[in-house]
Each structure stands twice: as structure tokens, then as C-alpha cells.
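Undergrad: This is the structure, below, for whatever I ask next.
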């Protein structure tokens, strides 16, 4: 839902747009410049509201592109050359940005330590938007054939507990197959997570896919079995703070981090159609399928392909030393 502040700001921006056209047509350059400056400030506030409300930025870009096209056509219709020229230039710039972000690559910043050591807080990654099928900007409507994620993919998606409209049974359709204690525990945990984290549009997560539809996945401590086959693991280093373990999944090799907190934890899943199981590489510090169940193919955003920049904080300079393909 849009906030009152955002709706009011959009209305003010529209009024400013109409006034700008009026002042241009009347040759009142002073008032035109004042209106332009005011509209710029309102636009900044709108962007602030967009990020605060966690609205889909792809939809925002698509809407801005359509408005620029409308202004271009309007400028031609009312024979206002300044409006036509400005809106035309904005239209092509926005169109290129929208197409790249929606159909090629979307930048995404790693916000937590859940994928350490492979992905660090402050890593900026490029998310491949066509890896699993192209979607219309700001929606989950597929424009071409769906390509299923593979085990070991580092996927970006919206998990069920971050969507206020999702019910617990959608996150774990197999609840009826669990024991009463297990199902009650999951329902309570999911409800608490959703109450504290959900938004209308959800929140993007990045995790490693370990289970695809039809898979039987079992975790005992840090050991994982998929369809009865144990994932190969090799200890790389161990100290009082952490263990680093090399894990091989679908012939892909990556490194996971453990702290010894989940030695006795046990989980078992049979992944339903249209759903996927994902966990973080930082196994003791990751909010993942072990807590909130499966994520739906409808809420796939894309595949994290590359680290293109690292910027740990505003007090430091960006660095490109971590540029690499994500394993």
C-alpha cells in the first residue's frame, strides 16, 4: 500500500508539472525555474519514500519511463518544444536503464553476513535477471519460458515470511506430514518472523539453493543428504572462532562457515513443486529455509553472478579487489 505521504507527494509533483507547462507557455522563466527546483526537491522526497516503503524499483522506473513518454507526446500535441525536447531525452535515458535493470542485470548490495565467507557485507553483486526467465518490470509475470534454478545456484528471491499476505501453509505445504510438535514450532516461528519483518512487497534475500522440486533433503548438524546422497565436505581450517569447510554440490565448489552451534540440529524436507529450499553459507548465522520453509518460483528475482564492487562503509572508499564470479 502507498503511504499518504507518497500519494500527496505524487499529487504535488503533478501539480508542479502542470504549473511548469503553464509558465513555459506564458514565457515566465523566473517562475518556471522556481517550479523546476521545487519539483526536483519533491522528486527526492518521493525517492526517499520509495526506498523507505521498499517498493519495487523496477516498477518505479517503468512508471517514470511511461510518464516521460506521455510528456513527450503531450509536448508534441500542444506544440511545446521545450517540453517535447526534455521529455524525449528523459524517456530514452529511462528506457535504457529500465531495460538493463529489468531484463539484463540488476545491482544488489549484500546487507548481512549470512553468505560469509563467499559474500561479505558491502559486496555489490550483479543479479542475472534472465537466468530464470524474463519478467515484466515490477511484476511476477513471465514474458518467456521459466528456467528452473539448479542446486548450488546463489539465487536472489523474496522469501515467504517477508510478505505480509503469505500464509504459513504456503511456506510449508507439507506441514501435515510433520509431527505436531514440529508443525507447532514452525507455525510459531514463522508467525513471529512475519510479524517483525513483513512488508507488502517483501524483502529480497540471497541464499544458496540446495533443494529443487521433488528433492528429499535432510540435514544432520552440518552434514547434508540430498535424495540419499551425502554432500562432499572437506575441512579447510579450524580455530576457536570458526571452521571453514569446502562443500561440493552439483559439481560446484564453495566454502561454508560454521561456529559449532548447530552440531545437533536436524531438518528434513521433501521439496514440493514450484518451491525451492535455500540456506546461507554462514550456517550458524543465516535466516533461511530452516526457519521459514520454502520460497516460491513466483518470487525469484534472479541469479547472483558477479561481485563487481565492495564498499564496506561510507567512511571507506569503494574497492574492486573482490571482483570475481560467485561460486
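Undergrad: Of the residues 154, 203, 217, 212, only one is at pLDDT 95 or above and either under 30 Å from residue 95 (Cβ atoms) or in contact with a helix residue (DSSP H, G or I) (Cβ under 8 Å, 6 or more places away or on another chain) (or both); which?
TA: On the way: 203 fails: at pLDDT 95 or above; 217 fails: either under 30 Å from residue 95 (Cβ atoms) or in contact with a helix residue (DSSP H, G or I) (Cβ under 8 Å, 6 or more places away or on another chain) (or both); 212 fails: either under 30 Å from residue 95 (Cβ atoms) or in contact with a helix residue (DSSP H, G or I) (Cβ under 8 Å, 6 or more places away or on another chain) (or both).
The match here is 154.
So that you can scan it fast, the table gives a plain yes or no per residue for (1) in the same structural domain as residue 161 (by TED's automatic domain parsing); (2) in contact with a strand residue (DSSP E or B) (Cβ under 6 Å, 6 or more places away or on another chain); (3) under 30 Å from residue 142 (Cα atoms):
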{"residue": "261", "(1), (2), (3)": "yes, no, no"}
{"residue": "264", "(1), (2), (3)": "yes, no, no"}
{"residue": "270", "(1), (2), (3)": "yes, yes, yes"}
{"residue": "277", "(1), (2), (3)": "yes, yes, yes"}
{"residue": "295", "(1), (2), (3)": "yes, yes, yes"}
{"residue": "299", "(1), (2), (3)": "yes, yes, yes"}
{"residue": "305", "(1), (2), (3)": "yes, yes, yes"}
{"residue": "310", "(1), (2), (3)": "yes, yes, no"}
{"residue": "315", "(1), (2), (3)": "yes, no, no"}
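Undergrad: Within the stretch 238-248, does at least one residue satisfy the condition of being under 30 Å from residue 142 (Cβ atoms) and surrounded by fewer than 14 Cβ atoms within 10 Å (Cβ to Cβ)?
TA: From the stretch 238-248, those under 30 Å from residue 142 (Cβ atoms) are none; that's our starting set.
The answer is no; no qualifying residue exists.
Undergrad: What number of residues within the stretch 141-171 are in a loop (DSSP other than H, G, I, E, B) and closer than 27 Å to residue 252 by Cβ? Give the steps one after another, and end with the answer.
TA: Let us first name the residues in the stretch 141-171 that are in a loop (DSSP other than H, G, I, E, B), namely 141, 143-153, 158-159, 164-167.
Within this subset, residues satisfying the condition of being closer than 27 Å to residue 252 by Cβ are 144-153, 158-159.
Summing the residues that are in a loop (DSSP other than H, G, I, E, B) and closer than 27 Å to residue 252 by Cβ in the stretch 141-171 gives 12.
Undergrad: Can you confirm whether residue 142 is touching a strand residue (DSSP E or B) at 6+ places or on another chain (Cβ under 8 Å) and free of Cβ contacts under 8 Å to residues at least 24 places away in the same chain?
TA: Details: touching a strand residue (DSSP E or B) at 6+ places or on another chain (Cβ under 8 Å): yes; free of Cβ contacts under 8 Å to residues at least 24 places away in the same chain: yes.
Criteria met by residue 142.
Undergrad: Assess whether residue 274 counts as being at pLDDT below 90 and farther than 18 Å from residue 284 by Cα. So that I can check it myself, show each step before the final result.
TA: Numbers: at pLDDT below 90: no; farther than 18 Å from residue 284 by Cα: yes.
Here the answer is no, as residue 274 does not meet what is asked.
Undergrad: Still on this model: Given the criterion within 24 Å of the chain's Cα centre (by Cα) and at positive phi, identify the matching residue among 274, 221. Steps first, please.
TA: Working: 221 fails: within 24 Å of the chain's Cα centre (by Cα).
The conditions single out 274.
Undergrad: Select from the stretch 91-111 the residues that are in contact (Cβ under 8 Å) with a residue 24 or more places away in the chain and over 19 Å from residue 56 (Cβ atoms) and list them in ascending order.
TA: Answer for the stretch 91-111, where residues must be in contact (Cβ under 8 Å) with a residue 24 or more places away in the chain and over 19 Å from residue 56 (Cβ atoms): 91, 110.
Undergrad: Please state which one of 196, 148, 191 is in contact (Cβ under 8 Å) with a residue 12 or more places away in the chain and exposed (fewer than 14 other Cβ atoms within 10 Å of the Cβ).
TA: On the way: 196 fails: in contact (Cβ under 8 Å) with a residue 12 or more places away in the chain; 148 fails: exposed (fewer than 14 other Cβ atoms within 10 Å of the Cβ).
Checking each option against the conditions leaves just 191.
Undergrad: List the number of the failed condition for residue 192; all other conditions in (1) outside any strand (DSSP E or B); (2) in contact with a strand residue (DSSP E or B) (Cβ under 8 Å, 6 or more places away or on another chain); (3) modelled with pLDDT of 95 or more hold.
TA: (2)
The values are calculated or read from the model by the stated rules, or taken from the named source; none is laboratory data. What you are looking at is a predicted structure, and each value in this text was computed from that prediction instead of being measured. Quick reminder, even Gly has a Cβ in these numbers, built from the backbone with ideal geometry, and neighbours come from all protein chains shown.
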